[in-house]
Amino acid sequence: MEGQVRCFWRNYLTPVPKVAALEDLNLRFTAFEERELNRRIGSRNRTIGQDFTREAPYLLPLPPVPFETAMTFQPRVDLYSRITVKVCS
């Protein structure tokens with residue numbers, strides 16, 4: 001996943017796009033999505049969009065209730081600037 005983020009950043013956010021409004025940036029992202037769906041990876045026969053269409057029926061639906069993906073806590077810092085994040089109990 002990190003590789004895809006770097007690829008997106010390098011190809012579409014470097015240099016930082018200059019836009020007048022958020023809608024302009026969203027239009028750029030929509031154009032990016034279209035190009036990505038029509039792109040072929042390496043020498044594969046199918047495009048990314050074709051592969052996604054084939055795999056979509058196997059995807060699970062999102063859970064009905066949102067769930068937390070982060071923990072909030074107060075870490076401790078000792079005399080040597082070491083941070084204790086979580087202690088086994």
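The values are calculated or read from the model by the stated rules, or taken from the named source; none is laboratory data. Everything numeric here is computed off the predicted structure, so don't read it as measured data. Because the Cβ atoms are built from the backbone with ideal geometry, glycine has one as well, and the counts that use them run over all protein chains shown.
When residues in segment 1-34 are screened for being of a type in the set (D, E) and in contact with a helix residue (DSSP H, G or I) (Cβ under 8 Å, 6 or more places away or on another chain), 0 of them pass. Restricting attention to segment 41-78, the residues that are part of a loop (DSSP other than H, G, I, E, B), of a type in the set (A, V, I, L, M, F, W, C) and either surrounded by 10 or more Cβ atoms within 10 Å (Cβ to Cβ) or in contact (Cβ under 8 Å) with a residue 24 or more places away in the chain (or both) add up to 0. Filtering segment 34-52 to residues that are closer than 14 Å to C7 by Cβ and charged (D, E, K, R) leaves R35, E36, R39. Residue-level check: of (1) at pLDDT 90 or above; (2) surrounded by fewer than 10 Cβ atoms within 10 Å (Cβ to Cβ); (3) in a helix (DSSP H, G or I), K18 misses just (3). In summary, R28 fulfils each of the numbered conditions (1) surrounded by 10 or more Cβ atoms within 10 Å (Cβ to Cβ); (2) not in a helix (DSSP H, G or I) with the single exception of condition (2).
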